[in-house]
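One structure below.
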Amino acid sequence: MRGALPYVLSLPALLVCVGILIPFFTAMYYSLLRFRLSLPMMKGFIWFDNYIAFLSDAAFWNTVSISLTYAFLTVVIELVLGLGIALLLVRPTRLNNAASILLLLPLMTAPALAALMWKLMTNPNFGILSYLVSLAGLTDFRWASDPKTALLTVTLVDVWVYTPFIMILLLAGLRSLPKQPFEAASLDGVPRSFVFFRITLPMLMPYIITATLFRLLDSIQQFDIIYSMTQGGPGDRLMVFQVQAYLEFFQYTNVGRSAALMIVLWAITYGLSNIFIKHWLKLRERARSLA
């Protein structure tokens, strides 16, 4: 019985792995097909033609550009804000602990629900945010309905929802750092800026890489916020991978192209994950040497 215990304990992980691999290989299979739900009789293998078509498709490269831009903007802003808030709350006082709990409330809101809330608040007729910007002289600020400000609007929603996630990870990292280097620096009268950039930041870097990786992989696959607010519009201004694949499947019934888009998205996230994990391992070793 003891010999079978490791296999029994690993069974849930095996079931999760199977649950992941079945949809993955199904998507891989459909990506090699010419298959439209509206024309099921024309189903047939075209192998890599769906992928080859992407190379000369301006809409595809627009999707790649918007997805990467959105991911970069949201992650950078959330990382800066999350680190700043974590530094302010690093001392474990009652007030700081209560503030950290309150700041987690946006993270408990479903992204689609948060997007609908912001859609109401940015409504040009009765939205509170539209009223506030009108006080600043912007009387016709169209938020997500204007191609020039649509990306800004969905970025604000994403930042509002997910900054607490980075904040709580970095706060846990800051509170777990060894105190000896900081005590020695304090005794020597080392400036705070030097302590932050030469001691705190290098030791915190593994936590920063972890938080960045989680948010980057989530941002580049964003669907809820963008689809709830703009459905990828206006025009194709916010046509990210998930929204484009959704529309290809349910609106244009092009199953093969939709599956190919998701496989390309998987390849991008896989590559980014490998890069971040390699850097994380190096930074973890460096942080241990500093400690």
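Points worth noting:
- Spin-label model, Leu39/Asp146: points 7 Å from Cα along the beta carbon direction are separated by 4.2 nm.
- When only Cα pairs below 8 angstrom with a gap of at least 6 residues are kept, the chain shows a relative contact order of 27 percent.
- For the range 248-283 and the range 181-238, distance of Cα centres in Å: 21
- Taking the 1.4 Å solvent-accessible surface of the range 143-291 as the whole, the part contributed by carbon and sulfur is 63%.
- Taking amide hydrogens as placed 1.01 Å from N in the peptide plane, the amide H of Leu33 sits under 5 Å from those of Ile46, each at least 5 positions away in sequence or on another chain.
- Nearest-0.05 FRET efficiency for Ala184 and Leu113, computed from C-beta distance (R0 41 Å): 0.30
- Per-residue [θ]222 nm for the chain (sum of -39500 (n - 2.57) over DSSP H runs n ≥ 4, rounded to 500): -23000 deg cm²/dmol
- Share of alpha-carbon pairs per 10 Å distance bin for the range 66-290, given as whole %: 7, 26, 30, 21, 12, 3, 0
- Rounded to the nearest whole Hz, the Karplus-based 3J(HN,Hα) values (6.51 cos²θ - 1.76 cosθ + 1.60, θ = phi - 60°) of the range 2-13 follow the sequence 5, x, 8, 4, x, 6, 5, 5, 8, 4, x, 5, with x at glycine and proline.
- 3J(HN,Hα) from dihedral phi, the range 35-50, Karplus parametrisation 6.51/-1.76/1.60, rounded to Hz, x for glycine, proline: 9, 10, 5, 6, 10, x, 6, 8, 5, x, 6, 10, 6, 9, 5, 4
- Cut-off 16 Å (backbone N to label point 7 Å along Cα→Cβ of Ile52), residues of the range 235-273: 257
- On the beta carbon distance between Ile128 and Val90, with R0 = 41 Å, the FRET formula returns roughly 0.80.
- Angle between the chain longest axis and helix 111-121 axis [Cα atoms, degrees, rounded to 10]: 90
- Highest average packing first - 196-208, 100-112, Cβ atoms within 10 Å: 196-208, 100-112
- In order along the range 257-272, the Karplus-derived 3J(HN,Hα) couplings, from 6.51 cos²θ - 1.76 cosθ + 1.60 at θ = phi - 60°, round to 5, 4, 5, 5, 4, 5, 5, 4, 4, 4, 4, 5, 5, 5, x, 5 Hz, and Gly and Pro are given as x.
- Net charge contributed by nearby residues that have their C-beta within less than 15 Å of Val76 (K/R +1, D/E -1): -2
- Computed from label points 7 Å out along Cα-Cβ, the spacing between Ser193 and Leu15 is 5.7 nm.
- Note on Ser273 and Leu135: their simple-model spin labels are 4.6 nm apart, each label 7 Å out from Cα toward Cβ.
The values are calculated or read from the model by the stated rules, or taken from the named source; none is laboratory data. As the structure is a computational prediction, the values presented were derived from the model and not from experiment. Methodologically, a virtual Cβ is constructed for each residue, glycine included, from the backbone with ideal geometry; neighbour enumeration extends over all protein chains shown. Surface accessibility is based on the protein's heavy atoms, side chains included, excluding ligands, DNA and RNA. Shrake-Rupley method; radii C 1.70, N 1.55, O 1.52, S 1.80 Å.
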